[in-house]
Amino acid sequence: PAVPASGVEAISGVDSTGSATVTVTKRRPTPPPAVPTTVGRIADAAPSAEVADPGRGAVLQVGSTVHPLIRGTDDHAIASASLFVNGTLVGTVTTAPYLFGWTPAAKDAGKQVRFQAMVVDSSGQSTLSKPVVGTVDPATPAPTVRIDSVQADPASGTATLTATVNTAGTLTLTGEKVATVSRQVAKANTVTVTVTVAPAYRQTLVKTGRLDVTFTVGFANTAGQSPGETVQVTLTRT
């Protein structure tokens, strides 16, 4: 706009220093020689980055998807958040919540897993978070059972079964003429089970002194069920 003939109105505001940049005590007939035309440098801190979930020391399962959550803050704006697992980029998102999905594979069983977050702000500054370390449980092997021996005990009218299993699980013994047995096994081990005649056939064993029985031995855990092993034995009673 045109400058009034009576003089120039000098107006001064504060800049990044917090003080006036131009000081005039009265109207001037001409503009001051040096009026600042730019503002000071705007402070812009780097963003923060954190893996909020899973927590440190988390135990993960092969085949079970986890959903890592990234927490990021910035003094202006966040442009993106990325998840890295063991140094490999899993994905990048640009809107909150910064949530991802990752599934441990068989190759990860029994190993440590490092989760890290990278947050980038609106000016391109990036921050890589401290790692959060979890562990993937060892893979549960498919259950197997091997019958080692079956020995009849004439004094008691029972038999002793010895079997070997390869991992933790539940051993079962079932049959028409025998009492059902279920035994929890904490680890790979040799298991001894007593084979007892079912109540409905107890009198037959007592009267005749012998009873032919057939039963099935099975073994199961979270990974599945082993093929049943069929066993035949003659129970005797003296």
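The values are calculated or read from the model by the stated rules, or taken from the named source; none is laboratory data. As the structure is a computational prediction, the values presented were derived from the model and not from experiment. Cβ: placed from backbone, ideal geometry, glycine included. Neighbour counts: every protein chain shown. Side chains are part of the model used for accessible areas, which takes the heavy atoms of the whole protein and leaves out ligands, DNA and RNA. Shrake-Rupley method; radii C 1.70, N 1.55, O 1.52, S 1.80 Å.
Against the conditions (1) over 20 Å from the mean Cα position of the chain (by Cα); (2) under 25 Å from GLY169 (Cα atoms); (3) part of a strand (DSSP E or B), ALA79 satisfies every one except (2). For segment 93-118, filtered to residues that are of a type in the set (Val, Ile, Thr) and over 17 Å from ARG71 (Cβ atoms), the residue that is most open to solvent (accessible area, probe 1.4 Å) is THR103. The residue that is nearest to LEU128 (Cα to Cα), among those in segment 81-92 that are touching a residue at least 24 places away in the same chain (Cβ under 8 Å) and surrounded by fewer than 16 Cβ atoms within 10 Å (Cβ to Cβ), is GLY87. Looking across segment 41-68, the residues that are open to solvent by 60 Å² or more (accessible area, probe 1.4 Å) and part of a strand (DSSP E or B) come down to GLU50, ASP53, VAL59.
The lone criterion from (1) modelled with pLDDT of 95 or more; (2) touching a Pro at 6+ places or on another chain (Cβ under 8 Å); (3) over 23 Å from THR144 (Cα atoms) left unmet by ALA220 is number (3). Can you pull out every residue in segment 165-193 that is surrounded by 14 or more Cβ atoms within 10 Å (Cβ to Cβ) and closer than 17 Å to VAL231 by Cα? VAL165, LEU171, THR172, LEU173, THR174, GLY175, LYS177, VAL178, ALA179, VAL181, VAL191, VAL193 - these are the residues of segment 165-193 that are surrounded by 14 or more Cβ atoms within 10 Å (Cβ to Cβ) and closer than 17 Å to VAL231 by Cα. Where strands (runs of 3 or more DSSP E) fall wholly inside segment 155-238, the ranges with 3 or more residues that are touching a residue at least 60 places away in the same chain (Cβ under 8 Å) are 158-165, 210-221, 229-236. Residues that are open to solvent by less than 50 Å² (accessible area, probe 1.4 Å) and assigned to a strand (DSSP E or B) within segment 119-141 comprise VAL119, VAL120, ASP121, THR127, VAL132, VAL133, GLY134, VAL136, listed in sequence order.
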